[in-house]
Each structure stands twice: as structure tokens, then as C-alpha cells.
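Colleague: If you scroll down you'll find the structure; I have some questions about it.
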Amino acid sequence: MSVCVAELVEEYPQIAEGVFGSLDGALNKVLPGIKTPERYEEIGEVGLALVVGRDSPLSQYNPFNPRTLRMLSFMADNRLTHPGAWDPKATDEELLGGTIPEGMGRFTAFALAKINAMADSGRPNLTSHEVRGISIAPGKVGFAGGVYLARSLVGVSGLWEVHDHVSAGIFTNEMVRASTGEVTPTRTDDELAEIIEPLFERVTFLHEGVSADDLSRGDVKVLLEKIDKEIMPNYDD
């Protein structure tokens, strides 16, 4: 089944908002307090930003370009419901290669920088992950969490980068199914959490023996390849 999620979120923006809200709620049930990786142990909430853009050689999603937000098919974040998770970090400017525009928020900027790194020309890379490093160029980062999926660029930021990657797949899958009426776009937090928790447990199993915080860039690449085979949806056949 060939699906374009960018077209779906443009046609059904209210469904997209509902799916994002359910995802946000579920992630904030599953992740705070877990031990893998350690970043979640001492926090009470997680931030989340999600962007969807069309796959086009002319599309550029630089977070420093004031026109970028108008080019997106969809964007959402949880700054209003979880503002404490959005405190700026001293390393943000260095990683992004510039100052985050006022009002955008750090996770939205990183989500954009992920898909911007994928959208240079021709068919984009399948993932924003870069083995060569994190900071690629101003407005482009090599963290995982940007994916080419359902003929679209989907970027997620706020979590551990591997969880961002999986969450992009979860949003896409839920969006496609909700737009066809297969599932409700307003699943309860608990309902979606029951789906997400075993997926993240599988991620942990796939890097068993190496702490998430100790994974090299090469290790993350291998982990993402395993996840793409076992967990991520496929709408490009």
C-alpha cells in the first residue's frame, strides 16, 4: 500500500492533532522514571515535537529560515502541557549551528534540523542518523529521529534519539490507520501506552549488553537497521 502521510495530515489536520495528543500522553506515561536510558530516571515529564514535510527536491526545512514553518504539512509540540521539559540547554546553539528563533522551542528546532539534513536533493536519506557525527551544518543535525516514511519526511525530537525514531513510526502508523477509520484518532493515553511499551522493550532487547548511553554512532546505526526491520511500519510498497 502506497501512502503519503504528508497528504493525510494536510487533509485531516484534526485527526493529526488527536494522534499527536495521544502519542504525547502515552509517552509521558511510559518514559518518565524508566532506567533505559538513564536520562529518563530523574525526570517527571518528557518534551515532544513532531514535524511532517513533503518529500520534494525543492523542500528545505532549515529551522533558521522564517519561512520554514509555513512549508510544513504538519507540526505539533507539547510545550503547553509539559513546559518544564523544554528548558534550553547550553549546547543547543553549538549543535544546531545557530540561535533557535524566538518562540520556536528547542525540540521543534531539532526536529526540523533532522529532516532538513535529509532533504538536500533527490530521494532523501531514510534516516537522519549520521555515523560521522551530530553537528553537520547550520540547521542540520545527525541525531536519529528524522525518517523518510510513507513518502514523507517525519521528524521527532524530545526523547532519546532512538525513541524519537520509533515514535515517528508510531505517529505515522496511527495517522494512516486513524484516517481510514481503522482506529480512533483519540485513543486514550493508556491504550496507546500499551502499544508503545512493548515496542520500547524490544528496542532495549536489541541493544542488550550495551547501555544506551554507551552506544557509539555506529552502534546506533546497527540498532536502527534492526528496528526498521522489526518495528517500523512500511507504507512504501
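Colleague: With respect to the numbered conditions (1) under 23 Å from Asp213 (Cβ atoms); (2) in contact with a Cys (Cβ under 9 Å, 6 or more places away or on another chain), which one is the sole condition not fulfilled by Gly145?
Modeller: In the conditions (1) under 23 Å from Asp213 (Cβ atoms); (2) in contact with a Cys (Cβ under 9 Å, 6 or more places away or on another chain), Gly145 misses (2) alone.
Colleague: Can you give me the number of residues within segment 191-215 that are under 20 Å from His129 (Cα atoms), open to solvent by less than 90 Å² (accessible area, probe 1.4 Å) and either within 19 Å of the chain's Cα centre (by Cα) or not β-branched (Val, Ile, Thr) (or both)?
Modeller: Of the residues in segment 191-215, 11 are under 20 Å from His129 (Cα atoms), open to solvent by less than 90 Å² (accessible area, probe 1.4 Å) and either within 19 Å of the chain's Cα centre (by Cα) or not β-branched (Val, Ile, Thr) (or both).
Colleague: Quick check on segment 111-119. Is at least one of its residues charged (D, E, K, R) and open to solvent by 20 Å² or more (accessible area, probe 1.4 Å)?
Modeller: Within segment 111-119, none of the residues are charged (D, E, K, R) and open to solvent by 20 Å² or more (accessible area, probe 1.4 Å).
Colleague: Also, quick follow-up: Can you tell me how many residues in segment 80-96 are closer than 15 Å to Leu159 by Cβ, surrounded by 15 or more Cβ atoms within 10 Å (Cβ to Cβ) and not small (Gly, Ala, Ser)?
Modeller: The qualifying residues number 2.
Colleague: Among the residues of segment 103-130, how many are hydrophobic (A, V, I, L, M, F, W, C) and at pLDDT 95 or above?
Modeller: Residues in segment 103-130 being hydrophobic (A, V, I, L, M, F, W, C) and at pLDDT 95 or above: 8 in total.
Colleague: Restricting to segment 7-21, what's the tally of residues that are touching a Ser or Thr at 6+ places or on another chain (Cβ under 8 Å) and surrounded by fewer than 23 Cβ atoms within 10 Å (Cβ to Cβ)? Don't jump to the end; show me each part of the working.
Modeller: Here is the first cut: in segment 7-21, the ones touching a Ser or Thr at 6+ places or on another chain (Cβ under 8 Å) are 7-12, 15, 18, 21.
Next cut, surrounded by fewer than 23 Cβ atoms within 10 Å (Cβ to Cβ) only: 7, 10-12, 15, 18, 21.
Of the residues in segment 7-21, 7 are touching a Ser or Thr at 6+ places or on another chain (Cβ under 8 Å) and surrounded by fewer than 23 Cβ atoms within 10 Å (Cβ to Cβ).
Colleague: Pick from segment 216-237 the residues that are touching a residue at least 12 places away in the same chain (Cβ under 8 Å) and not in a helix (DSSP H, G or I): which of them is surrounded by the fewest Cβ atoms within 10 Å (Cβ to Cβ)?
Modeller: The extreme case among them is Asp237.
Colleague: Given (1) open to solvent by 80 Å² or more (accessible area, probe 1.4 Å); (2) at pLDDT 95 or above, identify the lone condition not met by Ile100.
Modeller: (1)
The values are calculated or read from the model by the stated rules, or taken from the named source; none is laboratory data. The shown structure was predicted, so the numbers you read here are calculated from the model rather than taken from an experiment. For neighbour counting, all protein chains shown are included, and Cβ atoms are generated from backbone atoms with ideal geometry for every residue, glycine included. For the accessible areas, the whole protein counts, side chains as well, though only heavy atoms, and no ligand, DNA or RNA atoms are used. Shrake-Rupley method; radii C 1.70, N 1.55, O 1.52, S 1.80 Å.
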